[in-house]
Amino acid sequence: MITNELINPKSIAVIGGSDDIQKPGGKVLKNLIDHHFKGNLFVVNPKSDEVQGIKSFRDVADLPQVDLAILAIAAKFCPQAVDILATQKGTKAFIILSAGFHEESEEGAKLEKQIVDTITHTGGCLIGPNCIGVMNTNYAGVFTTPIPKFTPNGVDFISGSGATAVFIMESSIPRGLTFNSVYSVGNSAQIGVEEVLEYLDINFDPQNSSRVKMLYIESINNPKKFLQHAQSLIRKGCRIAAIKAGSSSAGSRAASSHTGALASSDVAVDALFRKAGIVRCYGRDELATVASIFMHPELQGKNIAVITHAGGPAVMLTDALSNNGLEVPPIDGPKAQQLLTKLFPGSSVANPIDFLATGTAEQLGYIIDACENDFHNIDAMVVIFGSPGLFPVYDVYDLLDQKMKECRKPIFPVLTSVMNVKDEIEHFIAKGRIFFPDEVALGNSLTKIYHTPKPAPEKTVLPKINEKVIREVIGNSSNGYLTPDAVQQLLDAAGIPRAGEAVVTTANDAAIAAEKLGFPVVMKVVGPVHKSDVGGVVLNVKNSETARKEFERMIKINGTTAILIQPMLKGVELFVGAKREDKFGHLVLCGLGGIFIEVLKDVKAALAPIDTNEAINLIQGLKGYGIVKGVRGQEPVNEQTFAEIVSRVSALVSVAPEIFEMDINPLLGTKDKVVAVDARIRIER
């Protein structure tokens with residue numbers, strides 16, 4: 001747990017402090033001095049009595065009591081220094097900048113464990129090792145630059161990579177983004193991203209805490225803790241943007257089911273972020289853009305006024321917004337005509353509102369006032385204003401600042417001339433403002449934020465299922481794929497409707513079962529995974545003679561143990577599946593079924609448990625949702641029943657965590673019902 005000594009230390013000792021500011025121990029000391037740490041500052045350097053004007057001790061044992069120790073010494077010397085500090089000097093917070101620990105070797109891992117054991121035993125906290133440090137409104141405990149401007153309402157930034165943290169700050173600072181704290185967790189030996197989120201959540205103060213969090217994550221070691229505290233912070237009014245690196249499928253293992261092939265660890269991360277309400281980003285600039293949007297008032301609707309004095313950027317922004325689900329609605333009527341009289345001839349107020357390259361600050365003010373007060377179909381404004389470099393534009397940016405204070409509707413300033421009016425932009429930032437250098441990046445990020453769902457409810461209400469029968473079936477089954485009979489029992493116990501069926505092992509039984517179920521029937525092999533690929537599916541069997549004949553052919557297919565017979569049903573082919581993903585629990589997926597799942601891979605996934613409302617959101621997020629709704633005269637699928645089956649699968653895997661992966665493919669959906677036609681369930685204890 002993070003201690004107060006890490007956040008607001010009264011004394012800091014730099015172990016390995018140096019006069020050479022090109023070394024970590026020298027640079028971190030310089031940063032502490034230059035950024036006016038107000039407490040007592042000490043240095044340990046075996047060769048000097050004074051370093052950068054600060055009293056230096058030859059040995060850690062000679063130090064007075066100290067709250068926070070920043071170590072910039074070789075890894076092999078760290079355990080002994082930590083032991084003295086933790087047990088003799090009352091040190092409760094440690095930042096270890098040094099590398100050479102578990103990221104490098106087995107010996108380094110032993111040193112790291114020894115350090116963590118010592119610090120944990122004495123009630124302290126550790127950031128690192130192998131990190132750039134920590135900085136906040138109290139001190140700049142890092143050996144890197146830049147050092148951002150720190151304000152209490154700035155961004156809380158947590159990064160798993162020190163170098164990447166630097167690069168992200170370099171993307172953020174020039175646009176005016178300020179920070180409240182920066183944590184570089186490095187190896188996360190004791191404290192990782194999850195623990196910092198936990199601290200920010202537990203210590204959240206509605207009056208004083210920052211409401212914007214920015215994360216760069218390389219690994220999520222405790223998804224449950226991460227989800228709990230991210231959701232809690234967002235429910236308290238915070239907004240979180242995050243990059244999770246390592247999203248390619250190159251490392252995913254082969255799987256024997258459709259669900260296994262589609263449900264990677266990155267799909268789990270995506271589902272985790274969505275369940276938490278986190279906006280997922282994929283690059284440094286996007287992360288900085290989303291965080292910058294978060295620092296403005298929240299968008300309350302989808303209708304945007306694009307205000308510009310340059311046509312090209314306005315068209316590109318309009319495309320970015322309109323192509324991704326936000327609207328740039330037309331503006332017309334008497335109020336629009338009245339506004340037009342205040343602008344130069346040739347201007348347009350249709351939206352985009354173009355007041356020409358010769359437009360003035362006064363005219364921009366008229367436009368913003370009209371969007372705020374007269375145009376009730378407008379929810380927010382984007383103002384694009386650059387300069388060809390002919391004259392200063394201080395008056396425009398001063399007016400923008402004033403209108404941003406006065407207006408209820410959000411105003412997002414796109415200031416494109418980062419060279420021509422560099423001084424004016426710095427003047428704008430000095431007022432506490434944040435700007436956007438690129439209109440398309442802003443448009444794409446606005447739409448991503450708008451479509452990110454709110455956190456899932458704290459309590460998930462699941463359908464009732466027969467837990468006793470489910471546990472009996474699982475208890476009586478061995479690892480691997482379950483028998484068709486066991487699968488049927490689990491589906492029935494979970495309340496998942498299925499087609500009538502019979503599993504037969506003789507031609508005579510095939511004919512009897514087919515007649516009993518009612519012709520026409522479908523016959524499928526039991527055993528092979530991809531039945532249609534091996535000729536293991538026969539549709540529209542209309543009589544007993546054909547049933548016998550097809551049985552004799554299919555039973556000879558390699559790997560076949562029996563033949564499954566079902567009534568021939570019609571409907572839209574759907575899919576629901578689940579997979580246990582290491583650390584994350586179960587992913588539940590849904591989409592269009594049959595061959596479409598292999599060709600289109602149009603699925604949505606969520607982490608169990610899932611209630612019907614969350615399931616409906618998944619279904620409505622499918623690219624093929626139009627087919628579910630019914631298209632070109634085709635009848636729709638019963639969406640509520642489909643969603644309930646998704647929720648019931650999530651309830652099933654919650655009761656039976658031994659289920660490693662399962663497919664219900666296809667489900668057949670009509671406007672009246674959705675029934676399971678085929679299912680496979682594999683358990684691994």
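Tabulated results
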| read-out | value |
| --- | --- |
| Any hit, the range 497-504, residues being assigned to a helix (DSSP H, G or I) and either among the hydrophobic types (A, V, I, L, M, F, W, C) or closer than 26 Å to V473 by Cβ (or both) | no |
| Condition check for I627: in contact with a Cys (Cβ under 7 Å, 6 or more places away or on another chain) and in a helix (DSSP H, G or I) | no |
| Some residue of the range 279-298 being assigned to a strand (DSSP E or B), acidic (D, E) and surrounded by fewer than 23 Cβ atoms within 10 Å (Cβ to Cβ) | no |
| Cross-chain or 6+ apart pairs with Cβ under 6 Å, the range 281-305 first and in contact (Cβ under 8 Å) with a residue 60 or more places away in the chain, then among the acidic types (D, E) and in a loop (DSSP other than H, G, I, E, B) | Q300/D379; G301/D379; N303/D379 |
| Helices (runs of 4 or more DSSP H) lying entirely in the range 382-483 (those with 1 or more residues that are free of Cβ contacts under 8 Å to residues at least 24 places away in the same chain) | 394-406, 422-430, 467-475 |
| Considering residues of the range 90-101 that are under 15 Å from P79 (Cβ atoms) and in contact with a strand residue (DSSP E or B) (Cβ under 9 Å, 6 or more places away or on another chain) only, the residue surrounded by the fewest Cβ atoms within 10 Å (Cβ to Cβ) | S98 |
| Options I202, I191, I220; residue that is at pLDDT 95 or above and under 20 Å from E103 (Cβ atoms) | I191 |
| Number of the condition not met by A74 [criteria: (1) surrounded by fewer than 24 Cβ atoms within 10 Å (Cβ to Cβ); (2) closer than 23 Å to N136 by Cβ] | (2) |
| In the range 48-70, the residues that are touching a Phe, Trp or Tyr at 6+ places or on another chain (Cβ under 7 Å), crowded, with 21+ Cβ neighbours inside 10 Å and either over 12 Å from S11 (Cβ atoms) or of a type in the set (V, I, T) (or both) | V66 |
| Output for the range 305-329, where each listed residue is of a type in the set (G, A, S) and either part of a helix (DSSP H, G or I) or over 18 Å from I368 (Cα atoms) (or both) | G311, G312, A314, A320, S322, G325 |
| Residue among F391, F428 that is in the same structural domain as T308 (by TED's automatic domain parsing) and farther than 23 Å from E170 by Cα | F391 |
| All positions within the range 531-547 that are closer than 17 Å to G518 by Cβ and not in a loop (DSSP other than H, G, I, E, B) | V538, L539, N540, V541, S544, E545, T546, A547 |
| Options P334, P330, P352; residue that is at negative phi and touching a helix residue (DSSP H, G or I) at 6+ places or on another chain (Cβ under 6 Å) | P352 |
| Flag for I681 being assigned to a helix (DSSP H, G or I) and on the phi < 0 side of the Ramachandran plot | no |
| Top-ranked residue of the range 335-381 - restricted to ones that are under 38 Å from the mean Cα position of the chain (by Cα), of a type in the set (D, E, K, R) and assigned to a loop (DSSP other than H, G, I, E, B), ranked as surrounded by the fewest Cβ atoms within 10 Å (Cβ to Cβ) | D374 |
| Only listed residue being in contact (Cβ under 8 Å) with a residue 60 or more places away in the chain and either of a type outside the set (A, V, I, L, M, F, W, C) or over 21 Å from G186 (Cβ atoms) (or both), chosen from E112, E107 | E112 |
| Among the candidates V653, V631, V599, residue that is surrounded by 15 or more Cβ atoms within 10 Å (Cβ to Cβ) and not polar (S, T, N, Q) | V653 |
| Extreme residue, surrounded by the most Cβ atoms within 10 Å (Cβ to Cβ), among residues of the range 390-406 that are more than 38 Å from the chain's Cα centre (by Cα) and of a type in the set (F, W, Y) | Y394 |
| Scope the range 491-513; condition within 14 Å of A562 (Cβ to Cβ), buried (at least 16 other Cβ atoms within 10 Å of the Cβ) and without any contact (Cβ under 8 Å) to a residue 60 or more places away in the chain; matching residues | A507, D509, A510, A513 |
| Residue tally, condition of a type in the set (F, W, Y) and not in a helix (DSSP H, G or I), over the range 630-670 | 1 |
| Of all residues in the range 102-121 being within 22 Å of L85 (Cα to Cα) and among the acidic types (D, E), the one that is surrounded by the most Cβ atoms within 10 Å (Cβ to Cβ) | E112 |
| Counted residues, the range 352-367 - those being more than 18 Å from E439 (Cα to Cα) and either acidic (D, E) or in contact (Cβ under 8 Å) with a residue 60 or more places away in the chain (or both) | 2 |
| Some residue of the range 582-604 being part of a strand (DSSP E or B), without any contact (Cβ under 8 Å) to a residue 24 or more places away in the chain and within 27 Å of the chain's Cα centre (by Cα) | yes |
| Flag for S445 being more than 22 Å from R239 (Cα to Cα) and either within 26 Å of the chain's Cα centre (by Cα) or at pLDDT below 95 (or both) | no |
| Candidates E458, E439, filtered to the one that is over 30 Å from G527 (Cβ atoms) and surrounded by fewer than 16 Cβ atoms within 10 Å (Cβ to Cβ) | E458 |
| Boolean, K464 is within 30 Å of A651 (Cα to Cα), of a type outside the set (G, A, S) and at pLDDT below 95 | no |
| Matching residues, the range 53-91, being among the hydroxyl-bearing types (S, T, Y) and touching a residue at least 60 places away in the same chain (Cβ under 8 Å) | T91 |
| Only one of G630, G669, G621 that is of a type outside the set (A, V, I, L, M, F, W, C) and on the phi > 0 side of the Ramachandran plot | G630 |
| Selection from the range 159-186 of residues that are of a type in the set (S, T, Y), assigned to a loop (DSSP other than H, G, I, E, B) and at pLDDT 95 or above | T178 |
| Residues of the range 535-554 classified as in contact with a strand residue (DSSP E or B) (Cβ under 7 Å, 6 or more places away or on another chain) and touching a residue at least 24 places away in the same chain (Cβ under 8 Å), total | 7 |
| All positions within the range 327-351 that are hydrophobic (A, V, I, L, M, F, W, C) and touching a residue at least 40 places away in the same chain (Cβ under 8 Å) | I331 |
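The values are calculated or read from the model by the stated rules, or taken from the named source; none is laboratory data. Just so it is clear, the model here is predicted, and its values are computed rather than measured. A quick note on method: Cβ atoms are made from the backbone with ideal geometry, for glycine too, and the neighbour counts reach across all protein chains shown.
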